[in-house]
1. In the range 172-211, which residues are surrounded by 10 or more Cβ atoms within 10 Å (Cβ to Cβ), within 17 Å of H290 (Cα to Cα) and at pLDDT 85 or above?
2. Cβ-Cβ distance below 8 Å, separation of 6 or more or different chains: which pairs start in the range 134-157 with a residue that is open to solvent by 70 Å² or more (accessible area, probe 1.4 Å) and end on one that is of a type in the set (G, A, S) and part of a loop (DSSP other than H, G, I, E, B)?
3. With the requirement that a residue be more than 11 Å from the chain's Cα centre (by Cα) and over 24 Å from I213 (Cβ atoms), what does the range 246-282 give you?
4. Please find, among A112, A52, the residue that is crowded, with 19+ Cβ neighbours inside 10 Å, among the small types (G, A, S), part of a helix (DSSP H, G or I) and within 24 Å of the chain's Cα centre (by Cα).
5. Looking only at the range 220-249, count every residue that is of a type in the set (A, V, I, L, M), over 15 Å from K43 (Cβ atoms) and either modelled with pLDDT of 90 or more or surrounded by fewer than 21 Cβ atoms within 10 Å (Cβ to Cβ) (or both) and tell me the total.
6. Could you grab the pairs with beta carbons closer than 6 Å, sequence gap of 6+ or different chains, first residue in the range 101-123 and closer than 20 Å to T16 by Cβ, second one open to solvent by 80 Å² or more (accessible area, probe 1.4 Å) and part of a loop (DSSP other than H, G, I, E, B)?
7. E79 - would you say it is in contact with a strand residue (DSSP E or B) (Cβ under 9 Å, 6 or more places away or on another chain), modelled with pLDDT of 95 or more and open to solvent by 40 Å² or more (accessible area, probe 1.4 Å)?
8. Of these, V371, V324, which one is at pLDDT below 90 and within 20 Å of the chain's Cα centre (by Cα)?
Amino acid sequence: KALPQTDLVTKTPQTTSIRYPFASSAAMREEYRSPWGKVRLGKILEDLDSLAGTIAFMHCDDDNPTTMPHLIVTASVDEIHQYAPLHLDTDLILAGVVTWVGKSSLSIRMEATQEEAGGCLSATPSLSADFTFVARSPATHAAALVNPLHPITPEERALFKAGDLKALSRKKARTAAAAGSADTPQKHDFVTKLLGESRQLLDLPSLGDSRAILMSQTRQENTFLCQPQQRNMAGRVFGGFIMRRAFELAFASSYVFAGSRPIFLGVDEITFQRPVNVGDLLRLKACVLHASAMDAQTANCIQKSKHVTEDMVGLLHVEVNAYVTQPENATSVLSNTFNFRFGVERAHADQKLKKVLPETEVEARRIWDVVHMGI
C-alpha cells in the first residue's frame with residue numbers, strides 16, 4: 001500500500017501553459033463562443049482553476065511514484081481582473097506559475113494572454129488571477145506540508161515577498177473578524193441614512209423614489225444538483241465549476257438590472273468556506289449590492305480595471321452566495337461568497353442606473369463595504 005508523502009523537495013518557479021487554437025479550430029471556437037461572438041468568460045474562469053490546480057499538484061509532488069500524492073483543494077481566489085476583451089479570432093494562452101509557498105498552502109499566478117496578428121503574444125495579459133490552494137493528506141485529510149519554493153529572479157522574489165505580505169494580511173483580517181469591531185461614526189451614519197431612504201419604499205411604495213429599488217428586488221437565483229463529472233481528485237466538486245456558475249448568474253443579474261449587456265471588470269477575493277460534495281444541491285443567490293453612475297469616483301475605479309469604453313454609464317457590484325442544501329437533514333449552509341464588478345454600457349440616451357437600497361442593517365453594511373473598502 002502506498003504511503004503519504006513525507007520528503008520535501010525544494011523547487012523553483014516553472015511556468016506551465018496551454019494554448020487554445022481559436023484561429024485554426026472551428027470546434028474550439030464553437031465550444032467557447034458566447035452569444036455575442038466573444039469568449040465565454042465563465043468557461044475561462046473554470047479552466048483557470050483547473051490549470052492552477054494542476055500546477056499546484058505538480059509543485060507538491062515529491063517525484064516519488066511509490067507515495068500517495070497530496071490532495072489539493074482550492075482555498076481562495078484573489079482579485080481577478082479583466083484588462084481587455086477576449087477574442088475568438090486569435091489563439092489564447094493560459095499560463096500559470098507558483099509564486100508563493102507557505103507551510104501547507106501555495107499561491108499560483110494565472111494569466112490569460114491573447115495572441116496578436118503575426119503570432120506574437122500581447123505584451124500584457126487580458127486577464128489575471130491569483131489562486132491559493134491547500135494541501136491535504138490523502139490518509140487523514142489534515143493539512144500537509146508542501147515543497148518549499150526557491151525564487152531566483154528579482155521578479156520571482158518580489159512575487160514571493162508579496163505573497164508573504166498577503167498571507168500576513170489575511171491572518172490579521174481573520175483575527176479582526178473573530179474579535180469583532182464596532183461601527184465607526186461614518187459607517188453608522190451611512191447605514192442610518194440608507195435605511196432612512198429605504199423606509200419610504202418599504203412603507204409607502206407608491207410614493208417612493210422611482211429612481212431607487214430595494215436590494216431584494218434585484219435578486220436572482222438557481223439551484224442544481226452537483227454531478228460526479230464535476231468532481232476533483234478529492235471527490236469534491238471543482239471550485240472552478242462553482243465559480244463559473246456564480247459568474248454566469250451574476251452576469252444575468254447585471255443584465256436584468258441594467259437593461260444592457262454588462263462588461264466583466266473583476267472579482268474580489270473568493271474564499272471557499274465549505275467543500276461541496278457530489279450529490280449536494282447547490283443554491284446560488286445573487287443580488288445587486290450597489291450601482292454607481294459614471295462620476296469621477298466610479299470612472300477612477302473602472303480605469304483601475306483598464307477595461308473601459310466611452311459608452312460606459314456606470315458600475316455594478318453583484319454578490320453571489322452559494323449554499324449547500326441537504327433536504328434530508330433540512331440544512332442549508334453557506335459555502336462561498338463571490339463579489340463581481342461589472343461595467344454597464346449605454347443602451348439608450350437616457351439610460352440611468354437605479355440606486356439600490358437595503359431593507360436591513362446587514363444589507364446596509366454590505367453596501368458600505370463595497371462603497372468604502374474598494375471591492
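1. Within the range 172-211, K187, F190, V191, T192, K193, L194, L195, G196, E197, S198, L201 meet the criteria.
2. Filtered contacts from the range 134-157: R136/A142; R136/A144; R136/A234; L145/S104.
3. Matches in the range 246-282: Q273, R274, P275, V276, N277, V278, G279, D280, L281, L282.
4. Result: A52 is the single residue among A112, A52 that is crowded, with 19+ Cβ neighbours inside 10 Å, among the small types (G, A, S), part of a helix (DSSP H, G or I) and within 24 Å of the chain's Cα centre (by Cα).
5. 3
6. These pairs meet every condition: S122/E116.
7. no
8. Working: V324 fails: at pLDDT below 90.
Matching residue, one of V371, V324: V371.
The values are calculated or read from the model by the stated rules, or taken from the named source; none is laboratory data. This structure is a prediction, so every number in the text was calculated from the model and none was measured. Note: ideal-geometry Cβ built from the backbone for every residue, glycine included; neighbour counts use all protein chains shown. Protein only, heavy atoms only, side chains kept; ligands, DNA and RNA dropped before computing areas. Shrake-Rupley method; radii C 1.70, N 1.55, O 1.52, S 1.80 Å.
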